[in-house]
Each structure stands twice: as C-alpha cells, then as structure tokens.
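The structure appears right after this line, and notes come after that.
The values are calculated or read from the model by the stated rules, or taken from the named source; none is laboratory data. Keep in mind that this is a model prediction, so the values were computed, not measured. All Cβ positions, glycine included, derive from the backbone under ideal geometry; neighbour counts span all protein chains shown. Keep in mind that these areas ignore ligands, DNA and RNA; they rest on the heavy atoms of the full protein, side chains included. Shrake-Rupley method; radii C 1.70, N 1.55, O 1.52, S 1.80 Å.
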Amino acid sequence: VRCRGCGLVFLSPRPEPDVIEKDFDWFRHSPLQTGERRRTENPVRRWLRKMRGKGILRRVPRNEVVRGRINEFIASGRFLDVGCGTGEVVDHMASHGFESHGLDISDDAIAIARERGTTTITKGTIHEAPWPDGHFDAILMMSVLEHEHHPFAALRKARDLLRPGGCLFVKVPHYGCWNRVVMRDKWSGYFFPQHLYYYTPKTIAGLFERAGLEVVRNGFMDHVPVSDVLWATARRPS
C-alpha cells in the first residue's frame, strides 16, 4: 500500500519481528533473492555484468565502493555497520583506520564472523544498540531499512548515535526505478515478506528530515532512475 500523505510504500499486513527473525533469516534467504535479482535485473546492469565477466570492465569490490562513499564525508573515526552480516565491511573499514563495529540479528552470520576473527560484532537491532549518543562518526545501513519494522524509529536512533556532523549512509531497493515499472510484480526489489518498506529519493529524504537528519547526498543518477538501487546520505546537524 502507499501512504496518501508522504507517498511511502509498504507491505500490509507485515509479519511480526520475531517471525521474520526465526523463519525468514536474511542470511539464510539472501541467496534466493540474489538468484531472483539476476533473473530480473535491468538490461544496463546485465550488460555491465557481462562486460566485467569478459574482463572488458573492472568490477570495483563492494567494500571499496562503500568505503569510497564514506570517505567522501568521513575520513576516519568510529564506524558502525547496521546489519553487518558476516562482517566483511566491518573488517575492511577497520583495515583502513576506522574503529569499526557491527550489529546483526543473525546468529549464523555472527558465528561465521567470529570464526574469521571479527570480535567487534554485537547481536541486536539498532533499537538495542548499546553505545551512548554521539558515539559514531559514520553509520552504514546497507540493505537494512527495507527490512526494518520501524524505519522512522531506526533513523531517529541512528541520528542519536551519530556525533554532530556525523553521517548516515543508506542503501535500499529503488522503488522509483524504471525497471520496476517495466517488470511490474516480477521486479527483483520485491522480496516477500522480508522487504517491508519501499523507498524513493523523495520518501527517504522525507524520513531523514523527520528524524532530524540533513540530506547531503541524493544523487543525480538516483533521480534519473536507471538503477534498481538507491543510495542516500544524511548528516546529523552540527
């Protein structure tokens, strides 16, 4: 359904959080969505993937993409990855000078991270984050906010955890993309019942502002919606 006031799209009814955690653990189910995403991805992404497979184009590793976005605004300091999974981004940011922490609800993912030697991952949601207000310079919510039962409260908590001037980096499926219009109900961004909310640049900016965050990046290419993915960045005002 779509909110007549702000335009935010969401799944209704939604499973309870404990049902999602128990029966639809993202770590166990994500390979299924990855296969579906490949099957229904837009032609531009499919062509780019084909060129990378042939060695014509170089694929930039995901960790480097994330760090590049963060380093545009935050050079060093305390970093939190919300929904960190097995902790690859946590480790990568730590290796580049950040005091790096992770949060995740998946026991399986956390166990793998700890087997690999990552010790700074805490089990829980952002609502239960054990750190004091103003603790972090940068917070990442990558492929998280679409799963969040209470996105406004999550963004408000992220704002509280950031120091004044600190930045929040969000990546979600782009509900406003042209590929969704073409693929209709077969769009890869739909993943039921795990994906609860669907965002556009306008609705994510509206949530940022309501949560007391200042939008600092809502890129041109997000407003020319050729990508199934939406990145947005916000800052806690000084």
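Just a few scattered comments:
- All positions within region 87-128 that are closer than 26 Å to ALA153 by Cβ and part of a loop (DSSP other than H, G, I, E, B): GLY87, ILE105, SER106, THR120, GLY124, THR125
- So ARG163, is it more than 23 Å from ILE105 (Cα to Cα), open to solvent by 40 Å² or more (accessible area, probe 1.4 Å) and at pLDDT below 90: no
- When HIS174 is tested against (1) surrounded by 17 or more Cβ atoms within 10 Å (Cβ to Cβ); (2) at pLDDT 95 or above; (3) farther than 23 Å from HIS127 by Cβ, just one condition goes unmet, and that condition is (2).
- Across region 135-145, the qualifying residues are those that are assigned to a loop (DSSP other than H, G, I, E, B) and modelled with pLDDT of 95 or more, and the one among them that is nearest to HIS195 (Cα to Cα) is LEU145.
- The residues of region 115-130 that are under 16 Å from LEU168 (Cα atoms) and open to solvent by less than 40 Å² (accessible area, probe 1.4 Å), listed by number, are ILE126, ALA129.
- Every listed requirement among (1) at pLDDT 90 or above; (2) among the polar types (S, T, N, Q); (3) open to solvent by 60 Å² or more (accessible area, probe 1.4 Å) is met by THR200 save one, (3).
- Whichever residue in region 1-38 is modelled with pLDDT of 90 or more and aliphatic (A, V, I, L, M) and, among such residues, is farthest from VAL144 (Cα to Cα): VAL1
- The single condition from (1) open to solvent by 10 Å² or more (accessible area, probe 1.4 Å); (2) more than 26 Å from ASP137 (Cβ to Cβ) that VAL229 fails is (2).
- Only one entry in VAL60, VAL66, VAL44 is part of a helix (DSSP H, G or I), more than 17 Å from the chain's Cα centre (by Cα) and modelled with pLDDT under 95, namely VAL44.
- Filtered residue count, region 158-177, keeping only those that are in contact with a Ser or Thr (Cβ under 9 Å, 6 or more places away or on another chain) and not in a strand (DSSP E or B): 3
- All conditions but one from (1) within 17 Å of the chain's Cα centre (by Cα); (2) closer than 17 Å to SER143 by Cβ; (3) among the aromatic types (Phe, Trp, Tyr) apply to PHE208; the one that does not is (2).
- Residue that is nearest to GLY7 (Cα to Cα), among those in region 146-157 that are touching a Lys or Arg at 6+ places or on another chain (Cβ under 9 Å) and in a helix (DSSP H, G or I): PHE152
- When residues of region 95-109 are limited to those that are in contact with a Phe, Trp or Tyr (Cβ under 8 Å, 6 or more places away or on another chain) and at pLDDT 95 or above, the one farthest from LEU161 (Cα to Cα): PHE98
- Region 186-199 residues that are closer than 11 Å to LEU8 by Cα, paired with ones that are hydroxyl-bearing (Ser, Thr, Tyr) (beta carbon under 7 Å, 6 or more apart): TYR198/TYR175; TYR199/TYR175
- Out of ARG235, ARG217, ARG156, sole residue that is out of contact with any strand residue (DSSP E or B) (no Cβ under 7 Å at 6 or more places or on another chain) and among the basic types (Lys, Arg): ARG156
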